[in-house]
1. Take the Cα atoms of the stretch 265-312, build their convex hull, and give its volume per residue in Å³.
2. Set the Förster distance to 30 Å, then compute FRET efficiency between Asp229 and Arg363 from the Cβ-Cβ distance, nearest 0.05.
3. Can you tell me the equivalent ellipsoid semi-axes for the stretch 165-209? Use √(5λ) from the Cα gyration tensor, largest first, whole Å.
4. Arranged from highest to lowest average of other beta-carbon atoms within 10 Å per residue, in what order do the peptides 319-332, 193-206 appear?
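Read-outs: derived from the displayed coordinates by stated rules, not from any lab. Given the structure is predicted, the values throughout are model-derived calculations rather than measurements. All Cβ positions, even for glycine, are placed from backbone atoms using ideal geometry, and neighbour counts span all protein chains on display.
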Amino acid sequence: MKQAYCRLILFVTTSMAAAATHAATVGYYRFEEGTPDGWATAEESILDSMGILHGSPTGMPTYRADVPVAFVPQTGAANQLCLQFAGTHTYRMYLNGQPQTEVVDTPRLPNDTVWTISGRGGEQFWGYLDEVRLSDAALEPADFLNATGQQPPVDFCDDFSGGVNPNLWAPIGNDPLYSITDTDGEIRFSRPAGGDYKFNYVGLAFEREVLGDFDVSVEFRDASIDRLDGAPGNQVQLNVVIGEQAFCVVRSDESSYGHNAHLWRDPPGQWALPPVLTADTSGLLRLTRAGSTVTAYFNGTVLHSGVYGAGPVINLSITLQNNGTRDATSVVFDNFCLKADRLLPKPVRLQVMGLAGNQLQLRLLNPTPRAWHWIEYAPALPATGGWTLRDRLTGGLFPIDWADTLPDGASAGFYRVRTE
């Protein structure tokens, strides 16, 4: 018989108004410090959000290796154990290494220093418990999905009003003649005449992996792509790579069809014919996937629709291209919009950069959406004296990078980031 699991999330709120806000996790507890099929009787066997061991389940619950998920939600660490409760159902409650009578300013735990986990009508709890999280407010549906490791669907538009967000976009290109400017809430790619007759391009790559169904579009305007010097031509493109299958929604001026819009696929490395003949210098490039069906549009007109794979989108970009030409080209991109079942961020990482003078800057790159990040310091490895907390922050849906300047004369040592 398939085992039943319970992922318990406790909500602590001081007023009904708190239910309308996005909640933050103030305590996070797992049961990873034991032996499969052994009783959880040892002192300090609960692992908390600081990675500290303490707390003791009572009633002799049993560690089990039969866990409901392969990885700990959001952290990616191996999820190895859970607790099977079949008896007394209380255990001591700690927050970040300290016994708690209060978690935040006013909300109290159920029984001051212990939790009581009960079944219906006061009966004992029977079942598997993999983790416990404590929230500072009642969770909205999207917050609940995020807290349980299931990212909510994404409905997102970037109007570039704040310029290029470096945590969302990475500049790409192969020709120094191109320039990217992000003034007045728009992104402009441009290139003067000259250079060589090779394939040259400039663009921005979206720094997320897209899962499931999606609908992505971007507006372009003031496209100057007349083909004058070289072949096959000049292109403005929305590019999507699904696994090993590439799709490019193209507005171009090319030697074969002149000014047109079309979909280019690789494989087979060909246009999806026929193209739409158009001289529009502004418009909307769009690509959608529903199930395994991929459909490309230009200004609402279907360019192509077909059945392809349902794998993840591993590359998504907007580009301006001189394909074998030396022409002066330019285009403005705006209002990049994406609806998707789920996005995966790049791995979070720390970086140290030198500044003017002798100062150093500590940077957190690619913070995980809606997660805690703990930046910690140790003077030596292994950190026998423990890690010292330097800072912590919570990421939003699309968080920006974090930076902190290390003071002159800062002690040598090691920094790390933990994400929960």
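1. That works out to 95 Å³ per residue.
2. The calculated FRET efficiency here is 0.10.
3. Equivalent-ellipsoid dimensions as semi-axes: 22, 14, 6 Å.
4. Those peptides, ordered most packed to least, come out 319-332, 193-206.
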